[in-house]
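Undergrad: I am attaching a structure below and will ask some questions about it afterwards.
The values are calculated or read from the model by the stated rules, or taken from the named source; none is laboratory data. Note that the structure is predicted; figures quoted are calculated from it, not measured. Glycine also receives a Cβ, built like all others from the backbone with ideal geometry; neighbour counts cover every protein chain displayed.
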Amino acid sequence: MSLIVQKFGGTSVGTPERILSAARRAVAAKQAGHQVVMVCSARGKKTDELIDLANEITQNPQPREMDMLLSTGEQEAVALVAMAISTLGEQAISLTGEQIGIITDQTYTKARISQISTDRLKQELNAGRIVVACGFQGVSENGDITTLGRGGSDTTATALAAALDADECEIYTDVDGVYTTDPRIVPEARKVTRISYDEMLEMASLGAGVMHSRSIEFAKKFDVALRVRHALNENEGTLIAATGEELARSVTGMALVRDEVRVSLCDIPDRPGVMSLIFAKMAARKIPIDMVVQNVSANNKAEVSFTVPAGELAETLTAAQEAVGELGAGSVLSGTNLAKVSAVGLGMKSAPGVAARMFRKLADAGINIQMITTSDIKVSVLVDRNLCEQALRAVHQGFQLDSAKPAPELSVTKSKAAATARASEHEHLAEVVGRLSSMEDIVVSEVVLDDGQARITVHNVQDRPGISAELFEAVAEAAVSVDMIVQNVGRNSTTEVSFTVDAGDLDKGLAVVQKLQQRLPGSSVSHERDIALLTVSGIGLRTHTGVGERMFRALADAAINVKMVNTSEIRMSVVVARQQGAAALAALKKVFGLK
Ligand code: ADP
Ligand code: ASP
Ligand code: MG
């Protein structure tokens, strides 16, 4: 018999009418011959209200009590939904996180699932009942209620679908599916028919709130096809699966994090182990850091900057101060009122000049870029929060994401090759997942060394709109393909931009940059001919704060200095000296247990 998981978000069970309407969907599926598991969120804005209530009592609620409180929202919803199903003549039973057998670790408010025991669930299903499960919650080994982090009901649904080997997992929400960007901010956003796990992972972790990013980790690891649909209509929605729309596009979608803060550790020593210490401090507090930028060091002093969600600022500053204390030198600075705008697309891998086009659109809109980081399928920029929606719209329009038929950019052969590569990556992943003991464990599937790279840096560039656009347009025009780009935080109205190119393209790249540099008063250019780029691939690498920690610890133990870093949900890359490339590869393979 087939089994369907249907998840209903807050608005979709917000009123008695909607509860009935959700119940009707489940009943229809049951009567069509399926076993049905419903997963419900708290009604409407219930979770926000409970948080506000706690904050009226104390600014510092204990995380354990917070989870006890927040879990009540979902309990209210499932009981009402089960009652609604009964009125429609079917049998239903509501179950808490503990009753559905979701065991988590003890990290209150952002717990991770370690195990699901589905005995009770199966028993109820086999007795002909519709199971109405509380989303967002679980129970720790010692019996305390835990929650999975905001938006976590998506993760409950996907995890149950994986554990029960469901035939379908439907996510019912208040929009028609996954859009090219948040349709509430950009009304011209277009619904996509199909999107790949990797793109959705990046989009969700970079701010697309439509799906909890950890739910996509589950979906990818256990091959659960997700369909995001509107709870109130019959439209087909969006399928999230191993492959996306095979359209000739370099950018699939865009995401925004409105409340981002930047933390910089300045004048710290430049030696192996520094990154490791910083990442360890953040990982100990489970702070997911993003947009990591390390400047190219002068007089043996380094500067590392990264962004974190605004809510994590206080914890991050404490951790950063600790790190500086242990390093014995340095100071901590932070910048607020910032937002992160990201463009995501698998097609970027084979379409040069995407970053340049994004920078141009921002420059034309008069928006200054305060930091840049890239990975092979995303470009993120940090901008003034007051300008973030304008930035999002400008880039969305610039890439014609609103139109169904984009101008062709990629050759068919390339996208076919990419599809084959993805298929084999998927097989490989399945093998790795087979060894997992804990459901939300980190999955690192591969480490790759590219020792044919070189770095170019432009120092002391004036910090104004348009600089990066000019630079990367000129580089793209010379057909030099750029791999990693990082732009550092501006200091004294100047900034520093570094990027890597194929070593064979270094002279061509340098010529372009030197020509441009003559028009940039006070700037200078440096380069490094012999670097190696190491890339660790997997799932959920950024949100599992421990990956960076293990990676940098392994490099530090091998006395390898890290020159550049970039992070994403599916890939983390570091640049090291070329002669240390092989040693770095061996160290990373060893730490992640790869042959
Ligand atoms: P639910 O309560 O059903 O889980 P959420 O509020 O968590 O609903 O997610 C749905 C909302 O996500 C939409 O109303 C929309 O504003 C927002 N959103 C952000 N990015 C996107 C996107 N790329 N596509 C669709 N919706 C998005
Ligand atoms: N109710 C929880 C929240 O608002 C979980 C969810 O809706 O997914 O974050
Ligand atoms: Mg949600």
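Undergrad: Please tell me if A77 is within 24 Å of E168 (Cα to Cα) and either of a type outside the set (D, E, K, R) or away from ligand 1 (no atom under 16 Å from the Cβ) (or both).
TA: Criteria met by A77.
Undergrad: Taking only the stretch 28-52 into account, find how many residues are surrounded by 20 or more Cβ atoms within 10 Å (Cβ to Cβ) and touching a helix residue (DSSP H, G or I) at 6+ places or on another chain (Cβ under 7 Å).
TA: 10
Undergrad: Could you say which residue among S264, S276 is assigned to a helix (DSSP H, G or I) and not hydrophobic (A, V, I, L, M, F, W, C)?
TA: Residue meeting the stated conditions: S276.
Undergrad: For the stretch 497-509, does any single residue satisfy the condition of being out of contact with any strand residue (DSSP E or B) (no Cβ under 6 Å at 6 or more places or on another chain) and over 16 Å from A478 (Cβ atoms)?
TA: The answer is no, given that none of the residues of the stretch 497-509 is out of contact with any strand residue (DSSP E or B) (no Cβ under 6 Å at 6 or more places or on another chain) and over 16 Å from A478 (Cβ atoms).
Undergrad: Just checking, how many residues over the stretch 539-567 are of a type outside the set (A, V, I, L, M, F, W, C) and modelled with pLDDT of 85 or more?
TA: 7
Undergrad: What's the number of the only condition in (1) of a type in the set (G, A, S); (2) under 19 Å from T373 (Cβ atoms); (3) at pLDDT 90 or above that S481 fails to meet?
TA: The one condition S481 does not meet is (3).
Undergrad: What is the one condition in (1) in contact with a Pro (Cβ under 6 Å, 6 or more places away or on another chain); (2) in a loop (DSSP other than H, G, I, E, B); (3) of a type outside the set (V, I, T) that A556 does not satisfy?
TA: (2)
Undergrad: Would you check if T147 is crowded, with 20+ Cβ neighbours inside 10 Å, farther than 23 Å from K45 by Cβ and either modelled with pLDDT of 95 or more or within 16 Å of ligand 3 (Cβ to nearest atom) (or both)?
TA: No: the conditions fail for T147.
Undergrad: Could you tell me whether L313 is farther than 26 Å from L201 by Cα and not acidic (D, E)?
TA: Taking the combined requirement at face value, the residue does not satisfy it.
Undergrad: Is it the case that some residue within the stretch 188-196 is more than 12 Å from ligand 3 (Cβ to nearest atom) and within 23 Å of D259 (Cα to Cα)?
TA: Yes, some residue in the stretch 188-196 is more than 12 Å from ligand 3 (Cβ to nearest atom) and within 23 Å of D259 (Cα to Cα).
Undergrad: Take the residues of the stretch 479-516 that are touching a residue at least 12 places away in the same chain (Cβ under 8 Å) and assigned to a loop (DSSP other than H, G, I, E, B): which is farthest from R529 (Cα to Cα)?
TA: So, considering only residues that are touching a residue at least 12 places away in the same chain (Cβ under 8 Å) and assigned to a loop (DSSP other than H, G, I, E, B), the one farthest from R529 (Cα to Cα) is S493.
Undergrad: Against the conditions (1) at pLDDT below 95; (2) under 19 Å from the mean Cα position of the chain (by Cα), where does Y179 fall short? Just the number, please.
TA: Looking at each condition in turn, Y179 falls short on (1).
Undergrad: Are there any pairs, at least 6 apart or on different chains, whose C-beta atoms fall under 8 Å, with the first in the stretch 446-466 and on the phi > 0 side of the Ramachandran plot and the second surrounded by fewer than 22 Cβ atoms within 10 Å (Cβ to Cβ), and if so, which?
TA: Cβ pairs passing all conditions: N460/T494; N460/G522; N460/S523; N460/S524; G466/A363.
Undergrad: If you check R214 against the conditions, is it under 21 Å from the mean Cα position of the chain (by Cα), in a loop (DSSP other than H, G, I, E, B), within 21 Å of K340 (Cβ to Cβ) and within 16 Å of ligand 3 (Cβ to nearest atom)?
TA: no
Undergrad: Just for the stretch 57-78: of the residues that are under 14 Å from V39 (Cα atoms) and under 27 Å from the mean Cα position of the chain (by Cα), which one is farthest from ligand 3 (Cβ to nearest atom)?
TA: By that ranking, first place goes to S71.
Undergrad: Also: Would you call V175 in a loop (DSSP other than H, G, I, E, B) and within 16 Å of ligand 2 (Cβ to nearest atom)?
TA: Taking the combined requirement at face value, the residue satisfies it.
Undergrad: Give K361, K340 a once-over and let me know the one that is touching a residue at least 24 places away in the same chain (Cβ under 8 Å), within 18 Å of V293 (Cα to Cα) and basic (K, R).
TA: Answer to the selection: K340.
Undergrad: Scan the stretch 200-249 for residues that are charged (D, E, K, R), within 12 Å of ligand 1 (Cβ to nearest atom) and either at pLDDT 95 or above or surrounded by fewer than 24 Cβ atoms within 10 Å (Cβ to Cβ) (or both) and jot them down.
TA: R229
Undergrad: To continue, here is another question. Given the structure, is A157 surrounded by fewer than 24 Cβ atoms within 10 Å (Cβ to Cβ), over 18 Å from the mean Cα position of the chain (by Cα) and among the hydrophobic types (A, V, I, L, M, F, W, C)?
TA: No: the conditions fail for A157.
Undergrad: Now for a different question. Looking at (1) of a type outside the set (V, I, T); (2) away from ligand 1 (no atom under 16 Å from the Cβ); (3) without any contact (Cβ under 8 Å) to a residue 12 or more places away in the chain, which one does P183 not meet, given that it meets all the others?
TA: That leaves (2) as the condition not met.
Undergrad: Pull out all pairs, ordered by first then second residue, where Cβ-Cβ is under 6 Å, the residues are six or more apart or on different chains, the first lies in the stretch 524-553 and is among the charged types (D, E, K, R), and the second is assigned to a loop (DSSP other than H, G, I, E, B).
TA: If the second residue must be assigned to a loop (DSSP other than H, G, I, E, B), the pairs left are R542/P288; R542/E569.
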